[in-house]
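Novice: Quick one: this structure, given as structure tokens, is what I'll be asking you about.
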Amino acid sequence: MVTVALDINPEHAKPWIALAEPTHPSLIDTTHITDELFGFINVPMAVWIDENGMLVRPAEAASIERSPLRDQEVPTGLPPRIEKMYREVKSIPDDSEGYRSAILDWARHGAASKYAMSPEEVVAASQPVSSNQARAAACFALGEHLHRTVGHDAAVPWWREAHALYPENWTYKRQAWTLVTTPEGATENDLMQGPNEVYSGNWLDDVIAAGGGGSYSVRPQLE
Amino acid sequence: MIISGTQLSVPEFLAATGWEAKPEGLCRGELCVPAPGALTNGVVDVTVAAKKLGMPLVHDASHNVWALGVATTTGRALASAKAFFPSSLIDAMGRAFDFNSLRGRRIIMVAWASW
């Protein structure tokens, strides 16, 4: 197991890593290069790589435990926007049981596991990528580079373009949104990522525009 | 992926993109994409290589920075099943991680984020 935090500011990931006390390599990807190399477009997602360095499963949603949130009733009296977010989160597909079983099967059987794909299958099963989506990766990279070397304002036009070119890529959007919606000096990121004056999108409205929570993740194809 | 210019050495191009420029073409694992004109005297012409791989090449003129997008040769997020491990990932102490330390082992690489 190797975990990779997609965080352009490593200080945001470090407290979570410290709390987890991991025994596996727990890495931080400050440039989102693994988005490009492996096809991550949201979190959590995972790829499987065999002993020979070959991918045997493409990037797909990688939950292994059902969130208690899914079985809770939406509390009454919530502010309307929070209530809508709650309902969308609850509607995100849950494939955790099947995905966990598939991992265990691969751990036991390796290449003989029915879940391990051939090289041709794994390429074909990875997400489609258009020229616009490919360009979005370059735009996001330019934004990250300029955020780090020049300042946030220099990044914004490139991140706006990345969002417009590849709206299905939530890592590009959520990473950028949280930088402008988290109050100065806050110890934790703002996960609500609501409407803001910098970007046209925000979490709730973009999820609804994309078809709702049911369309939010790349579901593992395990059959 | 950020690149320092449009003329790169073979190791620089490999480190940036995961594609190795060889006389037979631009290669990752068993896959080689013919790319005449991309490699001359050990120098990769990124404008040619990018076109052959279907990688958008984007320039920020104000800051003179170049970036390459994802290869579109297969029309999928993965051009090849051969994993390319970047050298830029760090651990919580800021130390670079060498994926060679995991050679011969099965890996589940899980992406998460604090946001």
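Please treat every number below as a calculation from the coordinates, not as lab data. Just so it is clear, the structure is predicted and the values come from calculations on it, not from any experiment. Methodologically, a virtual Cβ is constructed for each residue, glycine included, from the backbone with ideal geometry; neighbour enumeration extends over all protein chains shown.
Novice: How far is it, in nm, from the label point at A:THR23 to the one at B:ALA15 when both lie 7 Å from their Cα along the line to the Cβ?
Specialist: 3.5
Novice: Could you pull out the GluC sites (Glu not before Pro) across region A:1-65 that fall in loop regions by DSSP (anything but H, G, I, E, B) with no more than 10 other Cβ atoms inside 10 Å?
Specialist: Listed in order of number, the matching sites are A:GLU65.
Novice: Please give the Cα centre distance for region A:84-132 versus region B:61-115, rounded to the nearest Å.
Specialist: 19
Novice: When Lys and Arg each count +1 and Asp and Glu each count -1, what net charge do the other residues less than 13 Å away from B:PRO86, Cβ to Cβ, add up to?
Specialist: So the surrounding residues net to -4.
Novice: Please report the net charge: other residues with Cβ closer than 12 Å to the Cβ of A:GLU60, K and R +1, D and E -1.
Specialist: Working: positive: A:ARG57, A:ARG219; negative: A:ASP95.
Around A:GLU60, the charge tally is +1.
Novice: Give, in nm to one decimal, the length gained when the segment between A:THR187 and A:VAL74 is fully stretched (0.36 nm per residue of separation minus the Cα-Cα distance). Mind dumping the intermediate values first?
Specialist: Values: separation 113, 0.36 × 113 = 40.68 nm, distance 2.71 nm.
Separation in residues times 0.36 nm, less the Cα-Cα distance, equals 38.0 nm.
Novice: Amide H of A:VAL4: which non-local residues (sequence gap of 5 or more, or other chain) have their own amide H closer than 5 Å, using H built in the peptide plane?
Specialist: Close amide H contacts, sequence-distant or interchain: A:LEU27, B:VAL110, B:ALA111, B:TRP112.
Novice: Further question: Distance in nm between label sites at A:SER118 and B:ASN64, each 7 Å beyond Cα in the beta-carbon direction?
Specialist: Each label point is offset 7 Å from its Cα along the Cβ direction, giving 5.0 nm.
Novice: Let me ask something else about it. Give the calculated FRET efficiency between B:ALA96 and A:ALA164 to the nearest 0.05, with a Förster radius of 22 Å applied to their Cβ-Cβ distance.
Specialist: FRET efficiency, B:ALA96 to A:ALA164: 0.05.
Novice: Okay, moving on. Can you spot the lysines whose alpha carbon is less than 25 Å from B:LYS82's alpha carbon? Ignore those fewer than 8 places along the same chain.
Specialist: Qualifying lysines at Cα under 25 Å: A:LYS114, B:LYS22, B:LYS51, B:LYS52.
Novice: Okay, next question. Let me know the whole percent of all Cα-Cα pairs from region A:97-191 that are separated by more than 21 Å.
Specialist: 54
Novice: Would you mind calculating the gained length between A:LYS84 and A:ASN132 on full extension (0.36 nm times residue separation, minus the Cα-Cα distance), in nm to one decimal?
Specialist: Values: separation 48, 0.36 × 48 = 17.28 nm, distance 3.05 nm.
Between A:LYS84 and A:ASN132, full extension yields 14.2 nm more.
Novice: Could you grab the relative contact order for region A:1-59? Cα pairs under 8 Å, six or more apart, rounded to a whole percent.
Specialist: On the way: 64 pairs, mean separation 17.4, N = 59.
Computed over region A:1-59, the figure is 29 percent.
Novice: Let me ask something else about it. Could you work out the mean count of beta carbons from other protein chains within 10 Å of each residue's beta carbon in A:43-52?
Specialist: Whole-number average of other-chain Cβ neighbours for A:43-52 is 6.
Novice: Quick check: net charge around A:ALA112, other residues with Cβ under 14 Å of its Cβ, Lys/Arg +1 and Asp/Glu -1? Write down the numbers at each step before the final one.
Specialist: Working: positive: A:ARG108, A:LYS114, B:ARG106; negative: A:ASP50, A:GLU51, A:ASP105.
Surrounding charge for A:ALA112 is 0.
Novice: Between region A:166-218 and region A:1-42, what is the separation of their alpha carbon centroids in Å?
Specialist: Comparing the Cα centres of region A:166-218 and region A:1-42, I get a distance of 18 Å.
Novice: If you take the square roots of the eigenvalues of the alpha-carbon gyration tensor of the protein assembly as shown and sort them as a ≥ b ≥ c, do you get rounded (a/c under 1.5), prolate (a/b over b/c) or oblate?
Specialist: Note, shape of the protein assembly as shown comes out oblate.
Novice: Something else now. For the pair A:GLU51/A:ASP205, report the inter-label distance in nm, with labels modelled 7 Å from Cα in the Cβ direction.
Specialist: Going by the 7 Å Cα→Cβ label model, 5.3 nm.
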